[in-house]
Amino acid sequence: MSNVSVKGPLPGPRGKEFLDKWHIYEADVVGYQTPVVWESAQGCIVHDVDGNTFIDWTSGVLVTNVGHCHPLLVKAAQEASAKLLNNYECANTYRIEAAERLVKAMPAHLDQCFFLSTGSEAVEASLRLMRRKTGKYEVLSFMGGFHGRTYGVASVGGLAGPKKQYGPVVPGTIRAPYPNPYRDPLGFCDDGPDFKRYFDYLDLLVLTNSTGNLGGIIVEPYQGAGGFIFPPEGWLKRLFAWAKERGLLMTLDEVQSSYGRTGKMWAMEHENLQPDIVALGKGIGCGVPVSAVCARSEVFACLSKGEMSSTLGGNPVASAAVTAIFDIFEKEPLVQNSAQMGDYIKRGLREIAKKCPYLGDVRGKGLVMGMEFVKDKATKEPAPELIKPIINNCAENGLLVGSVGLYGNVIRVAPPLVITHEEADESLAIMENVLINLRL
Ligand code: PMP
């Protein structure tokens, strides 16, 4: 039996009514989205206001790792909200339990955390911690990187969008290339296991750009918004060693790569990385607004009392969600499913790529994959004009997908980690059908 059902062109009549109203009142400033108005969702399945049913490959943009509206998460949030909605900066039992669960789930050296509300806020806190701990204001970050849209994190970001026409950004950023195996004009990716060419270049970059105040590095384990770019194996490990040799602090932005997304609970596990600071968001609340910064206690010790706070950070509902999500991960094999279904879907997409002249690359780990579209597989010229038709045609056939990428030419594949074989097969069949009929 099919999981999907789309009754007619999108948006349907009720959807159209809502969409027409939406941007009268709320500014129309987000990126292109499928013309579908979500009404409810469970697991991997989304229902819209016209009674259409879709398989979700967006996972609410990599948020809903445990599946939409997981009953244990819903129950925990409902119970907490009926008892205590907020208690700014004070102790509450939910917050204390959530902190204990989070720290115990983290690699042992990250022995403290602090709760905030959004991914951007967690990265901002990480940047401030690096500056305070080292007393140095410069940060090394990466071209194509994305860490959020508040001013500080947008300043270290390496995508044009978040900082376009905002005038001077926060000073002190040195931006390095992020090695991209699909587009590697400088040969950084196939230069042997020590990546000598890359790190010689990095030394030169710092020598010629730093005022001598470089304190730390912020990096994503894979570049998300940049286009789901996975660096070559061993590069992150080498980067961490390079930082250690120079006494730099390392912040790993795991806002979207954590909670099983890459087939491990934390992306840092793939290469046994030991960041000084980790920023978490998205999957930590699976839809409930919560984020956290985790670090060694000696890093947090650089702050005096009163130097970090956030009105809704650690609030009871968000904290109950954090705990419920660890309960769910203990009960359900989500991390294994991410690894297995990720491999399965990736294999399926690579088969489809053989039949589609525009699908230049399929890459990923666990249940986060990028499909990069090009005009020609030999020249690799980006084909962003294909993205809107793919998004629309997939939706018309019952599959929700979204796009990312420096060149706007990547479809993201990031279903909730509960996706079944049956749902995977059906969604792959939809994608194949759409791509076989795709024309430039
Ligand atoms: N860091 C990364 C790696 C992200 O992908 C995002 C969001 N896409 C953020 C930070 C910012 O998170 P938020 O939108 O919750 O502020």
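The values are calculated or read from the model by the stated rules, or taken from the named source; none is laboratory data. Note that this is a predicted model, so its numbers are computed, not measured. Here Cβ is always computed from backbone atoms with ideal geometry, including for glycine, and neighbour counts include all displayed protein chains. Just so you know, the surface numbers come from the protein's heavy atoms only, side chains and all, with ligands and any DNA or RNA stripped out. Shrake-Rupley method; radii C 1.70, N 1.55, O 1.52, S 1.80 Å.
Using θ = phi - 60° and the Karplus form 6.51 cos²θ - 1.76 cosθ + 1.60, what ³J(HN,Hα) does each residue of the stretch 370-386 get, whole Hz, x for Gly and Pro?
Each residue's phi maps through the Karplus curve to give x, 10, 9, 9, 9, 6, 8, 5, 7, 7, 6, 5, x, 10, x, 5, 7 Hz.
Which percent of the accessible heavy-atom area of the stretch 71-331 goes to carbon and sulfur, probe 1.4 angstrom? Present the calculation step by step, with values, prior to reporting the outcome.
Working: 6090 of 11040 Å².
Solvent-exposed carbon and sulfur of the stretch 71-331 make up 55 percent of the total.
Roll a 1.4 Å probe over the protein heavy atoms and report the accessible area of residue 132 in Å², nearest 10.
Solvent-accessible area, nearest 10 Å²: 110 Å².
If you restrict to DSSP beta bridges whose two residues both lie in the chain, what percentage is antiparallel, to the nearest 5?
The antiparallel fraction comes to roughly 65 percent.
Along the three principal axes, how long is the stretch 154-288 when you take its alpha carbons, biggest first, rounded to the nearest angstrom?
Here the spans come out as 44, 40, 30 Å, largest first.
Please report, largest first and rounded to whole Å, the three semi-axes of the ellipsoid equivalent to the chain, where each semi-axis is the square root of five times an eigenvalue of the C-alpha gyration tensor.
Working: eigenvalues 223, 165, 79 Å².
Semi-axes from the Cα gyration tensor: 33, 29, 20 Å.
Dividing the alpha-carbon radius of gyration of the stretch 71-331 by 2.2 N^0.38 Å (N being the number of residues), what value is obtained? Show your work: numbers first, answer last.
On the way: Rg = 18.5 Å, N = 261, 2.2 N^0.38 = 18.2 Å.
Normalised by 2.2 N^0.38 Å, the Cα Rg of the stretch 71-331 equals 1.01.
Provide the percentage of antiparallel DSSP beta bridges, counting only those with both residues in the stretch 71-331; round to the nearest 5.
Working: 10 of 24 bridges.
The antiparallel fraction comes to roughly 40 percent.
List, in order, the whole-Hz ³J(HN,Hα) value for each residue of the stretch 124-136 obtained from phi through the Karplus relation with A = 6.51, B = -1.76, C = 1.60 and θ = phi - 60°; use x for Gly and Pro.
3, 4, 5, 5, 5, 4, 5, 5, 5, 5, 9, x, 10
Helix-only estimate, please: 222 nm mean residue ellipticity of the chain, summing -39500 (n - 2.57) across DSSP H runs of length 4 or more and dividing by its residues, to the nearest 500.
Helices in the chain give a 222 nm mean residue ellipticity of -11000 deg cm²/dmol.
So for 201, 178, what's the accessible-area order with a 1.4 Å probe, most first? Mind dumping the intermediate values first?
Details: 201 75, 178 20 Å².
So, going from the largest accessible area down, we get 201, 178.
Which far-off residues, 5 or more places away or on another chain, put their amide H under 5 Å from the one on residue 296, with H placed in the peptide plane?
The answer is 111.
Return a single number: how many Lys pairs in the stretch 71-331, at a sequence separation of 8 or more or on separate chains, have alpha-carbon atoms below 18 angstrom apart.
Pairs that pass both the separation and distance tests number 12.
What base-10 log of the normalised intensity I(q)/I(0) is obtained for the stretch 328-438 from the Debye formula, alpha carbons as equal point scatterers, at q = 0.15, 0.20 Å⁻¹?
One equal scatterer on each Cα of the stretch 328-438 leads to -0.60, -1.03.
Counting other Cβ atoms within 10 Å of each Cβ, which trypsin sites (Lys or Arg not before Pro) in the stretch 273-350 have at most 16 and sit in a DSSP loop?
Numbers: sites: 282, 296, 305, 331, 346, 347, 350; in loops: 296, 305.
Listed in order of number, the matching sites are 305.
For the chain, what does the accessible surface come to per residue with a 1.4 Å probe? Please give it in Å². Walk me through the intermediate numbers first.
Numbers: 19060 Å² over 440 residues.
Each residue of the chain exposes 43 Å² on average to a 1.4 Å probe.
In the full protein assembly as shown, how much of residue 421 is accessible to a 1.4 Å probe, in Å² to the nearest 10?
100
For the stretch 355-440, which trypsin sites (Lys or Arg not before Pro) are in a loop by DSSP, counting at most 12 other Cβ atoms within 10 Å? If you can, show how the numbers build up before the last one.
On the way: sites: 355, 363, 365, 375, 377, 380, 412, 439; in loops: 375, 377, 380, 439.
Passing both the DSSP loop test and the Cβ count: 439.
Viscosity 1.306 mPa s, temperature 10 °C: what is the translational diffusion coefficient of the stretch 76-224 from Stokes-Einstein with a Kirkwood Rh over Cα pairs, rounded to a whole number of µm²/s? Intermediate values should be presented prior to the final figure.
On the way: Rh = 18.1 Å.
Reported coefficient: 88 µm²/s.
How many nm is it between the label spots at residue 39 and residue 381, if each spot is 7 Å from the Cα in line with the beta carbon?
In this crude spin-label approximation the distance works out to 4.5 nm.
Just how many % of Cα pairs in the stretch 32-136 lie over 25 Å apart, if you round to the nearest whole percent? Before the final figure, lay out each step's value.
Working: 2388 of 5460 pairs.
Summing the P(r) of the stretch 32-136 above 25 Å gives 44 percent of all pairs.
Can you give me the distance in nm between label points at residue 274 and residue 244, each placed 7 Å from the Cα along the Cα-to-Cβ direction?
With each label point 7 Å from Cα toward Cβ, the separation is 0.5 nm.
Each residue of the stretch 271-278 in turn: what ³J(HN,Hα) in whole Hz from Karplus with 6.51, -1.76, 1.60 and θ = phi - 60°, glycine and Pro shown as x?
Couplings: 10, 6, 6, 10, x, 7, 9, 10 Hz.
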